[in-house]
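The values are calculated or read from the model by the stated rules, or taken from the named source; none is laboratory data. From a predicted model like this one, the values you see are computed outputs, not experimental measurements. Here the Cβ positions follow ideal geometry from the backbone for every residue, glycine too, while neighbour counts run over all protein chains shown.
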Amino acid sequence: MFYLESLLIKGFRNYHYQQLQFNPRLNIICGGNAQGKTNLLESIYYLSVTRSFRTRRDQELVNWEEPLFYLKGIFYKYDLRNSIRISYRKNAQLKVKVNDKAVSRYAHLQQFPIVVFSPDDVLLIREGPSIRRRFLNLEASRLSPQYFEELRAYQRVLQQRNNLLKKLYGRGSRQINELLEPWDETLVSLGSNIIHTRVKIIKYLEKEGKVFFENMTSSRETISLEYAASVEYSEAFNETKEIFRRRLEKAREIEIRKGSTVVGPHLDDLKIMINGYDSRKYSSQGQKRTAALSLKMAEVSLFRKEHNDCPIILLDDVFSEFDEKRKMHLLDFLRDNSGQCFISTAIGIDNLLESISSDYKTISIHQGRASDEVSRPGN
Amino acid sequence: MVYPGHLKKLVEALTRFPGIGQKSAQRIAFYLLGCSREDVVAIARAMVDAKDKLGFCQTCGSLAETDLCIYCSDSKRDNNLLCVVQEPRDVLVLERTGQYSGLYHVLHGALSPLDGIGPEELKLDRLVSRIRESEIREVIIATNPNVEGDATAGYLARLLNPLSVRVTRIAFGLPVGGDIEYADDLTLSRALDGRRVI
């Protein structure tokens, strides 16, 4: 069991000073709009990932009346108490201390795993392929530590190769092949590795996501995932490499004209289908949200299978667009999931919570302050 | 910060050294001021002399005090074996092993279109004609194990293929005397790829 027991927030977003205690299972953060519900989730996320899910700039996170922000969380992991303290001052390096020991932010990452779902995640369905590639890359890096290194090397080869392609226009074909081949070789072997890891992660995600999606829709709808590759990959690794190589050879002329690499995993996409139709084009807002949530919850299930433990789940404003049935299914999932969860909501969900038999805590937020904390013991 | 003019100039000059920042430069500057004049002149002379007297070998491109480096002019070395490296300092590292007794060829870089370095810049045609005119039977490619070094190795392998020489790539893997548990993932996986029968 892994959970956040308490949190101290100083100078973060609209919070000046706030001490909070949490339920090891379910925590409902309620309050009107623009009071600080998401900011609270963001601070929890930051403690785990040393990054916000809303902005890349740490400066924005500091309260405008304060010189710095300071977060302290007490996490329990395998029954052991861990204190995490993070402070950030403008133009200074971020300080992360775990149990009074200074650690680098990269070493800290993934030590206290967390999964967030926010309204922006619907972009995963609606936007272009790059956001889905980023999602895949993140998931694959979690599954295979090598993936991240391979991806970095691949991007480097790509840069070098594209630069070379721009200089080749008008040269003889023998010389062109001679110059390109050494780069092709690394591109193909790294690229094929990337494709295969992605295909593997997609299979896992699909399996878990399907269960969640079908539950949410009372089995009336179904989701499937497909890797849309610019190289037709094969089950056999060496065959994928061969196909990739042939595709590159065929694309020579176009590549030189365009001055860039036109096949490879940097152009691929994750196709998300609802009832067999491309969800990007043919789906309602509610379906998109359900599909995006399914991917995130698949991530949770996957993590649980691999580590035998649950990540903390943050759900930002998840109830606003779902009907009663979907809300119930989601709460059921969270109950069965057995990990800790934080849900922010601007609408009352008391009637829903009545019907699930687990204890939870409600925290009301008003203008960057928490008030009237209510705990309810389980039935 | 207000400095006397000559100190400022010295500190400024010293910060050009790799790995030397403002603070280290100041320390070195004050050290020099504390030295006797003879010592400072000797240090300065050592720099100027190194610059004046050291050049690159006409044949292999490693550091040399005459037209030919000490490796190329040494008749005891194995002239069937040639090791291709990226930088002159790589030669020193290989020499330190005491293991290698063949000849060298320094490329002075690796293929990197982003930096405008192609086969012409590395003067690879000179490498080819050198091999053609010599008794070299094996070429060991010891470029760095990164994207650019690997591409250079791949290019060389193709280029040297028509010549009747054996082309090998230096092995990658675990540091000797270390523990497997401390190896990073990529090194370990390359070491697995490069395993061999014992």
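At a glance:
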quantity	calculated
Scan of the stretch B:82-93 for residues that are closer than 18 Å to B:Thr59 by Cα and surrounded by fewer than 18 Cβ atoms within 10 Å (Cβ to Cβ), ordered by number	B:Glu87, B:Arg89, B:Leu92
Hey, A:Ala107 of a type outside the set (Lys, Arg), more than 28 Å from A:Ile223 (Cα to Cα) and away from every other protein chain (no Cβ under 14 Å) or not	no
Residues of the stretch A:141-176 classified as touching a residue at least 24 places away in the same chain (Cβ under 8 Å), under 18 Å from A:Glu249 (Cα atoms), part of a helix (DSSP H, G or I) and within 10 Å of another protein chain (Cβ to nearest Cβ), total	6
Residue within the stretch B:47-57 that is surrounded by 15 or more Cβ atoms within 10 Å (Cβ to Cβ) and farther than 16 Å from B:Ile140 by Cα present	yes
In the stretch B:95-116, residue farthest from the other protein chains (Cβ to nearest Cβ) [restricted to those that are among the aliphatic types (A, V, I, L, M) and buried (at least 18 other Cβ atoms within 10 Å of the Cβ)]	B:Leu103
Failed condition for B:Glu133, given (1) within 14 Å of the chain's Cα centre (by Cα); (2) on the phi < 0 side of the Ramachandran plot	(1)
Selected residue (criterion: modelled with the lowest pLDDT) from residues of the stretch B:138-167 that are out of contact with any Ser or Thr (no Cβ under 8 Å at 6 or more places or on another chain) and under 21 Å from B:Glu95 (Cβ atoms)	B:Pro145
Some residue of the stretch B:71-83 being more than 14 Å from every other protein chain (Cβ to nearest Cβ), within 16 Å of the chain's Cα centre (by Cα), outside any loop (DSSP other than H, G, I, E, B) and not polar (S, T, N, Q)	yes
Hits in the stretch A:69-106 (condition: modelled with pLDDT under 90 and among the hydroxyl-bearing types (Ser, Thr, Tyr))	A:Tyr78, A:Ser104, A:Tyr106
Answer residue from the stretch A:88-122, given it is free of Cβ contacts under 8 Å to residues at least 40 places away in the same chain and more than 24 Å from A:Tyr76 (Cα to Cα) and is surrounded by the fewest Cβ atoms within 10 Å (Cβ to Cβ) among those	A:Asn91
Residue within the stretch A:269-285 that is closer than 20 Å to A:Ile131 by Cα, out of contact with any His (no Cβ under 9 Å at 6 or more places or on another chain) and in a helix (DSSP H, G or I) present	yes
Candidate set: the stretch A:115-137, residues that are of a type in the set (S, T, N, Q) and assigned to a helix (DSSP H, G or I); chosen: the one farthest from the chain's Cα centre (by Cα)	A:Ser130
Candidates A:Thr186, A:Thr197 - the one that is within 19 Å of the chain's Cα centre (by Cα) and within 14 Å of chain B (Cβ to nearest Cβ)	A:Thr197
Single match in B:Val11, B:Val41 (criterion: in a helix (DSSP H, G or I), of a type outside the set (D, E, K, R), out of contact with any Phe, Trp or Tyr (no Cβ under 6 Å at 6 or more places or on another chain) and loosely packed, with under 14 Cβ neighbours inside 10 Å)	B:Val41
Candidate set from the stretch B:146-198 (those that are basic (Lys, Arg) and not in a loop (DSSP other than H, G, I, E, B)); member that is nearest to B:Leu124 (Cα to Cα)	B:Arg158
Meets criteria (closer than 30 Å to A:Lys166 by Cβ and among the aromatic types (Phe, Trp, Tyr)) for A:Phe237	no
Residues that are within 14 Å of chain A (Cβ to nearest Cβ) and either hydroxyl-bearing (Ser, Thr, Tyr) or assigned to a loop (DSSP other than H, G, I, E, B) (or both), drawn from the stretch B:117-145	B:Gly118, B:Pro119, B:Glu120, B:Glu121, B:Leu122, B:Thr143, B:Asn144, B:Pro145
